[in-house]
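See below for the structure under consideration.
The values are calculated or read from the model by the stated rules, or taken from the named source; none is laboratory data. Everything numeric in this text was worked out from a predicted model, so none of it was measured. We place every Cβ from the backbone using ideal geometry, glycine too, and count neighbours over all the protein chains shown.
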Amino acid sequence: MTIKVGMIGAGAIADDHCSTINRYSGAAMVAVAEINPERRDALKKKYSIPKAYERWQDLVADPDLDAVVIALPNMLHAPVSLAAIRAGKHVLLDKPFALNYAEARRVVDTARRSRKVLMLGMNQRYLKDQQILKALVERGELGEIYHAKAYWYRRMGAPKFGTWFVNKKLSGGGCMLDIGVHNLDLVLYLIDNWDPVSVSGKVYGKFGHRGIGEGGWGKSDRNAKLKFDVEDFATALIKFKNEATLDLNISWVIHQEQAVRNNVELYGTEAGASLVPLKLFRPAKRAGEYEVVVPQNVKVPRLRENRQFNWLDAILGKDKPLCSMEQSLVVQRILDAIYASSAGGREVRFR
Ligand SMILES: NC(=O)c1ccc[n+]([C@@H]2O[C@H](COP(=O)([O-])OP(=O)(O)OC[C@H]3O[C@@H](n4cnc5c(N)ncnc54)[C@H](O)[C@@H]3O)[C@@H](O)[C@H]2O)c1
């Protein structure tokens, strides 16, 4: 069987989806939907996609398609996912899930009633070092993980100004929702802790609204009317039921020495770990000595290549989604709480 896939949105990330899906032996890209005619035609030509639509509604209604990949502005994530699931399609939705938890919840409730695979495209879970670290954590090498630190500081890395990314109504949020979602999802996955009890967060908009910090990414067209009204720095402390804590810091724009600093650090009772580059920190077997280890030849039970292959394997019943809908809901709930905590000037408690 060949899974026939439609691509919705032909912006910056669409290439990655089309090229990867066309490499999978049991799938083919057969349609694209995109409002911008140049980007639509370019993607159609580059990947020899037979059908092209201007309206996503027409692609979703195409009975020939089994599955869709959604890589659209965030305000369209929930409505298009809902329509696609209702039309009987499997959905790979690029992050973040939605503008907020309520929207995401509706999508999950609808997906649960279908027999379709809905998966968020959390690509960082699939990187090799991430999978090795996950295997080390599962083997108990770190002991009890009681604290994690995750950060992604971009110095001048805001998206193209005047696009949907920088407008709260269309994006749902700035750097925390856009790239913080990766670090947050990754830490929860690595430590396998889906039970947050409280969130204390603060978001700042110090640069974008002054026209400072554009990194220029994203292919959508500029619209001078779209004001930059999202955060360009965000910080949060997340506490879990087992008393573990996560310190999360994210920027699109910040004054610092390096252009980018991005890492996940885990602190356990037996060892600490740093992801970028991957290292373990622990007492050596020889008494009194301490070692820094670059893990070698770690067996990963099932090494997955990328999010698209995992999703397609799941559609064919050969694997399960690495990223479950329930996990993605927890991530979205924490993101909502960071914004609510910042707006209300208080800690948000989940129960
Ligand atoms: N997993 C990752 O690492 C990753 C990386 C980049 C982007 N993303 C996510 O993917 C999504 C898209 O990001 P991008 O960088 O490709 O954005 P982009 O702005 O470059 O592309 C969005 C595309 O959607 C099109 N579009 C807008 N409204 C439409 C409509 N009604 N019908 C059809 N097409 C429409 C735009 O014309 C544009 O071409 C975002 O949610 C983003 O967060 C994920």
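Of the strands (runs of 3 or more DSSP E) lying entirely inside the stretch 132-238, those containing at least 1 residues that are assigned by TED's automatic domain parsing to the domain that holds residue 330, surrounded by fewer than 21 Cβ atoms within 10 Å (Cβ to Cβ) and more than 16 Å from the ligand (Cβ to nearest atom) span 145-154, 196-204.
For residue 24, state whether it is hydroxyl-bearing (Ser, Thr, Tyr) and touching a Leu at 6+ places or on another chain (Cβ under 6 Å).
Against the criterion (hydroxyl-bearing (Ser, Thr, Tyr) and touching a Leu at 6+ places or on another chain (Cβ under 6 Å)), residue 24 qualifies.
Evaluated against (1) hydrophobic (A, V, I, L, M, F, W, C); (2) within 18 Å of the chain's Cα centre (by Cα); (3) within 17 Å of residue 221 (Cα to Cα), residue 68 falls short on exactly one condition, (3).
Among the residues of the stretch 23-36, which ones are within 13 Å of the ligand (Cβ to nearest atom) and touching a strand residue (DSSP E or B) at 6+ places or on another chain (Cβ under 9 Å)? Across the stretch 23-36, the qualifying residues are 31, 32, 33, 34.
Rundown of residues vs (1) free of Cβ contacts under 8 Å to residues at least 60 places away in the same chain; (2) surrounded by fewer than 23 Cβ atoms within 10 Å (Cβ to Cβ); (3) of a type in the set (Gly, Ala, Ser), yes/no style:
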site: 15; (1), (2), (3): yes, yes, no
site: 21; (1), (2), (3): no, no, no
site: 25; (1), (2), (3): yes, yes, yes
site: 32; (1), (2), (3): yes, no, no
site: 37; (1), (2), (3): yes, yes, no
site: 49; (1), (2), (3): yes, yes, no
site: 57; (1), (2), (3): yes, yes, no
site: 62; (1), (2), (3): yes, yes, no
site: 66; (1), (2), (3): no, yes, no
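Any residue at all in the stretch 287-304 that is in contact with a helix residue (DSSP H, G or I) (Cβ under 7 Å, 6 or more places away or on another chain), farther than 25 Å from residue 140 by Cα and surrounded by fewer than 19 Cβ atoms within 10 Å (Cβ to Cβ)? No: the stretch 287-304 contains no residue that is in contact with a helix residue (DSSP H, G or I) (Cβ under 7 Å, 6 or more places away or on another chain), farther than 25 Å from residue 140 by Cα and surrounded by fewer than 19 Cβ atoms within 10 Å (Cβ to Cβ).
Given 310, 297, which one is among the polar types (S, T, N, Q) and not in a helix (DSSP H, G or I)?
Details: 310 fails: not in a helix (DSSP H, G or I).
Every option except 297 fails the conditions.
Hey, any hits in the stretch 314-330 for a residue that's in contact with a Cys (Cβ under 9 Å, 6 or more places away or on another chain) and part of a helix (DSSP H, G or I)? Within the stretch 314-330, none of the residues are in contact with a Cys (Cβ under 9 Å, 6 or more places away or on another chain) and part of a helix (DSSP H, G or I).
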